[in-house]
1. Consider Y104 against the criteria (1) of a type in the set (S, T, Y); (2) closer than 25 Å to Q122 by Cβ; (3) at pLDDT below 95: it satisfies all of them except one. Which criterion is unmet?
2. Check L73 against each of (1) surrounded by 14 or more Cβ atoms within 10 Å (Cβ to Cβ); (2) over 20 Å from K126 (Cα atoms); (3) in contact (Cβ under 8 Å) with a residue 60 or more places away in the chain and name the one condition it does not meet.
3. Looking for something surrounded by 12 or more Cβ atoms within 10 Å (Cβ to Cβ) and among the basic types (K, R) - is there at least one such residue anywhere in the range 17-36?
4. Quick check, is A82 in contact with a Ser or Thr (Cβ under 7 Å, 6 or more places away or on another chain), part of a helix (DSSP H, G or I) and at pLDDT 95 or above?
5. Which condition number does R66 fail, the rest of (1) within 19 Å of the chain's Cα centre (by Cα); (2) in contact (Cβ under 8 Å) with a residue 24 or more places away in the chain; (3) in a helix (DSSP H, G or I) being met?
6. Would you mind stating whether L20 is out of contact with any strand residue (DSSP E or B) (no Cβ under 9 Å at 6 or more places or on another chain) and under 17 Å from L108 (Cα atoms)?
7. Output the qualifying pairs, or none if there are none: Cβ atoms under 6 angstrom, residues six or more apart or on different chains, first residue in the range 100-125 and of a type in the set (V, I, T), second residue not in a helix (DSSP H, G or I).
8. Residues K38, K54: which one is in a helix (DSSP H, G or I), among the charged types (D, E, K, R), closer than 24 Å to L105 by Cα and touching a Lys or Arg at 6+ places or on another chain (Cβ under 8 Å)?
Amino acid sequence: MNINPQSTQLNSIYQSIALLNIDELDQLMQEITSIRRKKMPNVLSDKETELLKKINMGAPAVIAKRYNHLIHLMRKTQITEAEYQELLDITPFMESMGVKRLEYLVELASLRNQSLDALIEQLQLKPKVYVA
């Protein structure tokens, strides 16, 4: 009679898992997912690639540079009324860029089944600051 030790070992694991409560099963699933992810090659799905591109896309350089300049003038209280109005016009765009980036991060975290904080740490992201 041939007994496969690996099969016996797996059956023992399955029996142990069956005894776990819901919270323990959730914790086990997270750990299994983490172990599986580490063993898989680092190949991104098309959706992950698309989201990462969007996350890393900043404001157009010309707009970001002008925005920084206007903020600098405002802080030095050397801003003209026209420049202040321009700053007010640019600000919603810059804020919307930050909001969109956050939305993409949340979507990617959800796709990867991890928390936003864990994703930000994993990607080693820093806030995009346009103010000098």
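1. (3)
2. The single condition L73 does not satisfy is (3).
3. So far as the range 17-36 goes, no, none of its residues is surrounded by 12 or more Cβ atoms within 10 Å (Cβ to Cβ) and among the basic types (K, R).
4. Answer is no for this residue.
5. (1)
6. Answer is no for this residue.
7. No pair meets every condition.
8. After applying the criteria, what remains is K54.
The values are calculated or read from the model by the stated rules, or taken from the named source; none is laboratory data. If you're wondering where the values come from, they're calculated on a predicted model, not measured in any experiment. Reconstructed Cβ throughout: ideal geometry from the backbone, glycine too, with neighbour counts over all protein chains shown.
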